[in-house]
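The structure under discussion appears below in the form of structure tokens.
The values are calculated or read from the model by the stated rules, or taken from the named source; none is laboratory data. In this text the structure is predicted, and so the values were computed from the model without any measurement. Please note: Cβ atoms are built from the backbone with ideal geometry, for glycine as well, and neighbour counts cover all protein chains shown. With ligands, DNA and RNA removed, areas are computed over all heavy atoms of the protein, side chains included. Shrake-Rupley method; radii C 1.70, N 1.55, O 1.52, S 1.80 Å.
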Amino acid sequence: MLERLTELLAGDAAEDLVPRYLGFNSPVGLVFCIALLTLTGAGVAWYYWRKLHGLERRRRILLVCLRSAAIVLALFLALDPVVVAQHVKPGEQFVALLFDDSLSMRIGGREGRSRGTRLLEAYAAAGDAFEGRLKRRHQVVRYRVGETVEPLQDVADLNFSQRQSDLTGAVQRVLSDLEGTAVSGLVLFSDGVQLSDIETVLLRDLPKETPVFTVGVDEASLWRDIELTTLSLKRTDFDKSPVVLTVGVHSTGLAGRKAVVEAAIGSRIVKSHLIEITDDVEDHEVRLEFVPDRKGWIEYEARVRLVETTADIGEPAVEDRIVENNTRRFVVDNRQKQYRILYVSGRPNWQNKFLRMALEEDKEQLKLTSLLAISNAEQKFVFRGKKSTLTNPLFEGFDEDQDRPRYDETVFLRLGAAKDELMSGYPTDPKELFKYDLILWGDVERDFFNTEQLEVTLEFVDKRGGTLLLLGGPNSFSEGGYAGTLIEQMLPVVLYQDPDEGGRIRLQQPLQVEPTIEGRLTGSWVFDTDEAQDARLWSEMPPLYGLNRFPLVRAGATVLGVVGGQDESIAGEPIFVVQRYGEGKCAIMASGDTWQWQMRLKQEDDRHERFWRQLLRNLVHDTPQSSVLRAKRDVYTQEADATFEFVIRDDAFDRRAGLQCAVSVTRPNGEVLSLSVEESIREVGLYTCEYTPVEAGLHKISLVALDENAEPVAELDETFLVESDHREFQKAQYNGLFLRDLSQATGGAHFSLDQLEELSEAIPVPIQLDSTEILLHLWHLPGFYLALVLMMITEWYLRRKVGRA
């Protein structure tokens, strides 16, 4: 109403005026004027009501109302009512126009046009008139928004290429950019796709002083789309499926349809799985298992597509709205690697024999070296007359010219060792021990080792990042004297301090082994991917007859295998437990007699061999190298800056500073680029370089580190995958609800593209301290006088008619 009165009173000048309120140009004040009008109207009505006593009630009411209204209107005009308006100085008020320039604006609608095209066409038709109305009272500034906020000269310059939408963050940055100016409001043209996970918090934190008006560039419609949401890759230790790909699939509006999820190399499908969609909004998790068919770094593609029927898997359907979210690429590291394993025992045993047989099939990957004591050192020399000799009794009678061990030296049998490997027995030099990835102690007592050997074993796990596995037996754990030693602090179990307190029990009692849920999840305790079949295979395994017991499993340790069966006294006792310790892992196998499985299984049954191959792979597959590329991501984004951090250590796994490092990147097209390397001043042995990939695909990065003598310290080859940023196409359905919430949270309103005229009228103009107030007097309107005359004539005519003139 105030706007209409302003137009009637000011005419063309009303465009520069903003009406604020209705008042009285009287020194007595607004409250007094209202009270006076009220009392006057009531008094006049009461007086004439009494004076017109005797008339018909209806005529009486009509005459009283006419006389009272005429007197009150005359008094109202006499008090000089005015519309108080603010005179706006053109150019002092700002309106910011924000245009969503993200990739999701390229998504097509029902009629085939993209959201960005709809915006450009609508703005080309009505944008000039819209901005023209705004410029009468405001200064208009434009921004393109996405992952960044940039000034925009012309709406036609929008190319919808920004990789991420942060709408609420863009509103905050624009308000910060315009801080210190009078901002009437912000207008956001967008599809409502907001990638930020903290949008609810940001909505609450947006300033309420400046309203945000949102314009939806699309319309709510039936949305049909299927997309890959998550992708995780795991290199399992299961013999028959070393690669497990888990894919998340989200579908909308596709109830009753079928889709196929595939892992492929180019056009060749490696593995596929058909899913049936039953609900309008549905999520699936698909697990694909496959074995790489070649060595090296292999680039795969995971994809999902709709199909018409189960039989017609190759015919895609047409309802999928966005095809950009249907594929994801990933890389499998299937390079030929050899992990070195050291088996140590205080005596020859069956476990070593059958363990070597189990690893024979995979000797290229798992190289086993055995160090077996066949004669322990004598504590003192025994004089036996003229036949006495310093030679170890095991070698008495051999040729004296040969280099024979002394009586106080342990004699070892080395199996699978190089000529000069382990010549002095168990290493005391870290460089010698750190060559191995895994150390197995099989039924060996604590006195077998000296203090220096125990300390270097502790460093092997804590510093080098290797794995130590202790097998059970009559000379292991508490029975072997490990309680209270350096080794016990690494173990995932607590030892009995007194060997007679718990220790090895029921040596002749059969023990049935079964994996835990955690064991099955690792893949190392699985014989078959079908759970029922796997459980049957484990239940049919022959029993074991040796067990070491422990009072407690440490917090944070993971139990992968336990004692099963009907005997409640030992059921649930841990068989295999592992935990992280420092950079590496420490594990225990509570029985050292798993060779009994092989003795009782049929010759063609390979479950014992598979078990040990899978178990050892699980323990060594993440053993770090001396130099590593730290925190490497699965996928890097094209045209986004990437930082690579190299941690360089020598053979003793000591970090090295002051090295000369050369890093090169090989692009998918074969071009080789050299990168500049900087050494960290905060962390010893850390070297960083930066690279901005401009090409999608598999890249190779190589490092060579030299010391001050130009001698090589480390060499490292890695790969990394680069993909276009398609986050804008994930869950990219038009979100008008979010746009409404954004506008309501700031006091604005939501409009469509065909409501730009209404939008221009809805944007307010804030009051400025230096603005001029204009008083528009209502008594300038002739309508009030016409109404006063009509009421007085009508009242006089009616009084004359009833004879009360």
Q. Once label points are set 7 Å from the Cα along Cα→Cβ at both residue 761 and residue 161, what is their separation, rounded to one decimal in nm?
A. 4.0 nm
Q) By per-residue mean of other Cβ atoms within 10 Å, what is the highest-first order of 347-355, 654-662? A) 347-355, 654-662
Q: Post the alpha-carbon centroid distance, the stretch 683-725 to the stretch 119-187, in whole angstrom.
A: 41 Å
**Q.** Accessible solvent surface per residue of the chain, calculated while the other protein chains remain in place, 1.4 angstrom probe, Å²
**A.** 49 Å²
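Considering only DSSP states other than H, G, I, E and B, which GluC sites (Glu not before Pro) in the stretch 30-119 qualify as loop sites with at most 12 other Cβ atoms within 10 Å?
For GluC sites (Glu not before Pro) across the stretch 30-119 that sit outside H, G, I, E and B with at most 12 neighbouring Cβ atoms in 10 Å, the list reads 56, 111.
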**Q.** Of 298, 188, 601, farthest towards positive along the dipole that unit charges on Lys, Arg, Asp, Glu beta carbons give the chain
**A.** 188
(Q) Students often get this wrong: which residues of the stretch 360-374 have the backbone nitrogen under 20 Å from the point 7 angstrom along Cα-to-C-beta of residue 268? (A) none
Q. What shape does the stretch 670-743 have by the C-alpha gyration tensor, where a ≥ b ≥ c are the square roots of the eigenvalues, rounded means a/c under 1.5, and otherwise prolate means a/b greater than b/c and oblate the rest?
A. prolate
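If I take R0 = 60 Å and measure r between the Cβ atoms of residue 536 and residue 655 in this structure, what FRET efficiency does the formula 1/(1 + (r/R0)^6) give, to the nearest 0.05? Before the final figure, lay out the partial values.
Working: r = 50 Å, r/R0 = 0.84.
Rounded to the nearest 0.05, the efficiency is 0.75.
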Q: With a/c under 1.5 counting as rounded, go ahead and sort the stretch 607-726 into rounded, prolate or oblate using the C-alpha gyration tensor (a ≥ b ≥ c being the square roots of the eigenvalues; past the cut-off, prolate if a/b is larger than b/c, else oblate).
A: oblate
Q) So, by mean Cβ neighbours within 10 angstrom, what's the order for 553-562, 322-331, 270-279 with the highest one leading? A) 322-331, 553-562, 270-279
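Can you tell me the dipole magnitude for the chain around its Cα centre, using point charges on the Cβ only (Lys, Arg +1; Asp, Glu -1), in Debye to the nearest 20? Walk me through the intermediate numbers first.
Values: 92 positive and 126 negative charges, 787 e Å.
The calculation lands at about 3780 debye.
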Q: Roll a 1.4 angstrom probe over the protein heavy atoms and tell me the percent of accessible area of the chain that is carbon or sulfur.
A: 50 percent
Q.
Could you give the length gained by full extension between residue 136 and residue 786, i.e. 0.36 nm per residue of separation minus their alpha carbon distance, to one decimal place?
A. 230.5 nm
Q) Rounded, prolate or oblate: which fits the stretch 414-536, taking a ≥ b ≥ c as square roots of the Cα gyration tensor eigenvalues, rounded meaning a/c under 1.5, else prolate when a/b beats b/c? A) oblate
Q. In this model, which of 258/700; 431/700; 367/419; 258/632; 353/463; 271/367 are farther than 27 Å apart at the alpha-carbon?
A. 258/700; 431/700; 258/632; 353/463; 271/367
Q. If you stretched the chain out fully between residue 413 and residue 600, how much longer would it get, using 0.36 nm times the residue separation minus the C-alpha to C-alpha distance?
A. 64.6 nm
Q. Dipole of the stretch 602-694 (Lys/Arg Cβ +1, Asp/Glu Cβ -1, origin at the Cα centre): which of 624, 644, 688 lies farthest to the positive side?
A. 624
Q. Looking at the chain, what % of its DSSP beta bridges pair antiparallel, to the nearest 5?
A. 70 percent
Q) Summing +1 for each Lys or Arg and -1 for each Asp or Glu, what net charge is found among the other residues whose Cβ lies under 15 Å from the Cβ of residue 784? A) 0
Q: Order these peptides, 677-685, 138-146, by their mean beta-carbon neighbour count within 10 angstrom, highest first.
A: 138-146, 677-685
Q.
Placing +1 on the Cβ of each Lys and Arg and -1 on the Cβ of each Asp and Glu in the stretch 418-486, which of 478, 423, 436 has its Cα farthest towards the positive end of the resulting dipole?
A. 436
Q: Report the calculated FRET efficiency for residue 682 and residue 621 (r = Cβ-Cβ distance, R0 = 25 Å), to the nearest 0.05.
A: 0.20
Q: Select one label from [x] 164, 64, 62; [y] 148, 66, 55; [z] 117, 85, 77: the one whose number is Cα extents along the principal axes in Å as derived from the coordinates shown.
A: [x]
